[in-house]
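Engineer: Provided herewith is a single structure, encoded as structure tokens, for subsequent inquiry.
Please treat every number below as a calculation from the coordinates, not as lab data. The structure presented is a predicted model; accordingly, all values stated were derived computationally and were not measured. Counting neighbours? That spans all protein chains shown, and the Cβs are built from the backbone with ideal geometry, glycine included.
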Ligand SMILES: Cc1ncc(COP(=O)(O)O)c(C=O)c1O
């Protein structure tokens, strides 16, 4: 393996090294076909098999029941912010949203274009440092769905339990999909941009229960923006993001080899615990999230001053620990430690944090 830095970027983010190696080879010559994977027709036998295998692995790893479709779409997770209400709120219906950070805020703004939106909970005043428990909000009885973001990438919070509601549950799992077991049966729709836990940027995975495909209003929803269009054509209505789907399949194989979602969930919890122990144990660092809302994927923290934070990020980068600058909206530092991020990198960061605090505290 060549010298690689420890890449704490929030997305696109580090990928498993064997995946990069295989992709590098297949870009030039896929399985001795004399052409690379990115040069092939999406309707070729070879690519159709790649896409089918990627979907089968997503289904197997997440235990997705037969009455759900798995779609590989484009437009990023942000396109789902409007596709969901456009397809499910025709005729000015209602939906309930939990506002736990910048990504839910953007989704709420888009949803308001299509229906009546209740924001049943917001942690904005506390700088989004927590997520709610079930008894902290009520879902309007006429709601078509309850929407929440399972992991807040910027603020470093994560729902430890998913909301318990009779309403259709919809989750943006962009930054924690496949990082822990999920009972898909509890959801109407789950979506995720792939660029954190599933592969490179360019493909958005949508897992949608069959009955929701029939809810789209007849008029005023363009063909490309209807879930049913893509469901009916197995995500091949138009040219799909071939390379991203191919890489996603490789990441799924890697995850399966590591024991699947349950096994990686334990590894992720152990990795995050190492970092939180350092933050709690050294009186120099301060975690952003309240303890019972802490994310195992994105760990946002502060140092005593912004100047020290700048110095910390610069010295960490020089030491091969890159991508630790916090999001511009909250500042501070953030370590994103998705599935593919190695435990050794977390241990190196903790040793660095210890030294830095000693020298500057
Ligand atoms: C939780 C969450 N939702 C949505 C998005 C937006 O994703 P995209 O850039 O694919 O539109 C992000 C991006 O980081 C995210 O973290």
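Engineer: Where Rh is the Kirkwood radius over the Cα pairs of segment 98-183, the temperature 4 °C and the viscosity 1.567 mPa s, what D in µm²/s does Stokes-Einstein return?
Structural biologist: Details: Rh = 13.3 Å.
For these conditions, the coefficient is 98 µm²/s.
Engineer: Eigenvalues of the Cα gyration tensor times 5, then square-rooted: what semi-axes does that give for segment 70-220, in whole angstrom, largest first?
Structural biologist: Working: eigenvalues 85, 77, 42 Å².
So the three semi-axes of segment 70-220 are 21, 20, 15 Å.
Engineer: Something else about it: Please list 252-264, 36-48 highest first by mean number of surrounding beta-carbon atoms within 10 Å per residue.
Structural biologist: With the highest mean Cβ count within 10 Å placed first, the list reads 252-264, 36-48.
Engineer: At 222 nm, what value in deg cm²/dmol follows for the chain if DSSP H runs of at least 4 each add -39500 (n - 2.57) and the sum is divided by all its residues, to the nearest 500? Could the numbers behind the result be given before it?
Structural biologist: Details: 9 runs with 128 residues, N = 361.
It lands at -11500 deg cm²/dmol.
Engineer: Compare 160, 222, 241 in a GNM of the chain, Cα atoms joined below 10 Å, and give the one with the largest fluctuation.
Structural biologist: 222
Engineer: Packing-wise, with mean Cβ within 10 Å as the measure, how do 337-349, 307-319 rank, highest first?
Structural biologist: Working: 337-349: 20.1, 307-319: 15.9.
So the peptides 337-349, 307-319, ranked by packing, come out 337-349, 307-319.
Engineer: So which residue, out of 121, 68, 17, gets the largest mean-square fluctuation from a GNM of the chain using Cα contacts under 10 Å as springs?
Structural biologist: In this elastic network of the chain, the residue with the biggest mean-square fluctuation among 121, 68, 17 is 17.
Engineer: What percentages, rounded to whole numbers, describe P(r) for segment 260-355 computed over all alpha carbon pairs with 5 Å bin width beginning at zero?
Structural biologist: Per 5 Å bin, starting at zero, the Cα-Cα P(r) for segment 260-355 comes out as 3, 13, 26, 27, 19, 8, 3, 1, 0 percent.
Engineer: Oh, and also: Restricting to bridges with both residues inside the chain, how much of the DSSP beta-bridge set is antiparallel, in percent to the nearest 5? Could you put the intermediate results ahead of the total?
Structural biologist: Numbers: 21 of 40 bridges.
If we restrict to bridges inside the chain, about 50 percent are antiparallel.
Engineer: When you count, for each residue, the other Cβ atoms within 10 Å and take the mean per peptide, how do 324-335, 19-30 rank with the highest first? Working shown, then result.
Structural biologist: Numbers: 324-335: 19.2, 19-30: 15.2.
Ranked from most to least packed, the peptides come out as 324-335, 19-30.
Engineer: Taking the Cα centre of each part, how many Å lie between segment 335-354 and segment 212-273?
Structural biologist: 27 Å
Engineer: Working only with C-alpha atoms, what are the Rg and Dmax values of the chain, expressed in angstrom?
Structural biologist: Reported Rg and Dmax, both Å: 20.8, 65.
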